[in-house]
Structures are given as C-alpha cells and as structure tokens.
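Novice: Sending over a structure as structure tokens; questions will come in a sec.
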Amino acid sequence: MPSAALTGWQQDRAHRLSKIDLHCREVDALVPPDLAFLDETLRGYVLHLSAHFQGFCRDLYSECAQLWIDSIPTSYRVSAQSQFSTGLLLDRGNPSYENLKRDFNRFGVRMDLQVLDALGPKSVTDLSHLNEWRNKASHQDTQPLRAGVPIHLTANLVATWRASCELLASLLDRTMYDGMSLILGNPPW
Amino acid sequence: MELKRKRLNRDEPYPVGTRVKIGYSGFENAEVVEDRGFLGPGGARVYRVMVVRKPRMYIEVLEEQLEAIENTSGLPPAGM
C-alpha cells in the first residue's frame, strides 16, 4: 500500500502529466512543423513535471511529519509542527536530490536512492537535468546549461525524465516507509 | 483535542483566507493559506497556515487543531 502522496502522484499527477505529454506529441506532429511553439510547449512540460515532482515530495514530507507528530504527546504537537515546517528547502528551492536529502534528513532516515535500483544513478542525473531546464525555462535562458545537460528539448527526452521522476517517487516512498516503520514501530501506511 | 468549529457544514474545507486560531498554542491569529489535502494520520485534512506576526511564520496543522475566528481587523486576508 503506497503513501497518500504516492497515490496522489500515481492517480492525479500522472493523469495531468499524461495530458501535457499528449499535447506535446500533437504539437510535435504538426505539419508544417512549428518549432517555436514546440519549444514553448516542451518548456511548459518541463515546468509542470518539475512542479508535480516537487509537489509529490512536499506531500510525502508532510505526510511523514504528521505521522511522526501524531506519536508524541498532544501538548508538544504545535511545537513539533513548527519545527518540521520551518526552513524547508522544498518550499522554495528546486526539487533537487540534494534538497530532498536535506529536508528528509530531519527524520534521521538514511536517504540513498541511487543504490536502491539499477536505474537509480541515471534517475538522479535525469532529475538534475530536469531542474537545469526548469530554471532555464523559468528564467528565460539567463544561465547557460551545465556541461552534460542536453541542449535540445524533445518530447521523448522529457518523457524519459518523467519516467525517472516516477522511479524516484517510488524509491522515496519505499525509503520513508522503511524509515517511518522503524521510528513508529509499525507500518506508517 | 478537537476544537468546536464555527461552521454549519463540517464536510467543507476551510477556504484559503479563513482566519483561524491553533488549539493548544499561543497562535491565536493565523490564516489558512493552503489546503494540503488528506495527508494526516487516518486521512485527516492538513492545512498550511500563516501565523500573523512578525516575522511571518508558516506551519502545517491538522484540521481538528483549527478553530475559525472572526476577522475583526476590517482588513482583507493577508494572502488576498
């Protein structure tokens, strides 16, 4: 049984992203091609994908935090909620692997998604490239892309990044399931 | 510790902008800024609220911890 956050990712966010993916494919197939519109459309896909992945991560963090808080005396609750809510990188920054680790480290859970799956390292790299393009799109190309980041967007490339986000979401869910089980003494969801 | 809610329909979420206080805390003037959905234990609804003080402070709490209060300031909600 997945977390409520992963359920939301798989049922609601995935459905929304599929519609955007379909739209990109349709624009990609236009005859004659409209490359400027395709570029705009793909950049929109990048922004939506990154935002939904960030949303999933925030949801999972909130779900775990409220479960943790539910296990302590009521009179401590607001104080703990305040501590869990303060200074979250996921509230402001990109959903980078580094930011994820920093935020989820508050639970004292070992976060090493790269070793949990053969595709883990590639997925983390893809997430980094997605965030590079997110910033390039949202800041209108003010920063050059780092070395190694694809310089041309395609629908297939963004779809690959989406698959990596899906894998990372499931790995993050599994990691927190195991970690919260240890903390709470029983399965969190 | 469920606080009595000043609404007729308990099934409806607090709208963004609702003035609330947080039970069992000193935060008596806060504002709902985001409905985070059913992320709490047992599917409880979670809200992100902004505590009205300087500096501004955000906190995520369960619905049962909130009680709606009158907006007596005459000012629109801070997030509006």
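Novice: Helix A:35-70 versus the longest principal axis of chain A: what is the Cα-based angle in degrees, 0 to 90, to the nearest 10?
Specialist: Value to nearest ten degrees: 0.
Novice: To the nearest 10 degrees, how steep is helix A:120-138 against the longest Cα principal axis of chain A, on a 0 to 90 scale?
Specialist: Taking Cα atoms only, the helix is inclined about 60 degrees.
Novice: Let me check I've understood the local charge: for A:Leu89, count other residues with C-beta under 10 angstrom from its C-beta, Lys and Arg +1, Asp and Glu -1. What total comes out?
Specialist: 0
Novice: Now a separate question. So for chain A, considering every pair of alpha-carbon atoms, how many percent are separated by more than 21 Å?
Specialist: 54 percent
Novice: May I ask for the net charge around A:Ala137, where only other residues with Cβ less than 13 Å from the Cβ of A:Ala137 are counted and Lys, Arg are +1 while Asp, Glu are -1?
Specialist: Details: positive: A:Arg43, A:Arg134, A:Lys136; negative: A:Asp39, A:Glu40, A:Glu132, A:Asp141.
Taking every other residue near A:Ala137 into account, the sum is -1.
Quick note: the coordinates plus some simple rules give every number you see, no bench work behind them. In this text the structure is predicted, and so the values were computed from the model without any measurement. Neighbour counts run over all protein chains shown; Cβ positions are idealised from the backbone, glycine included.
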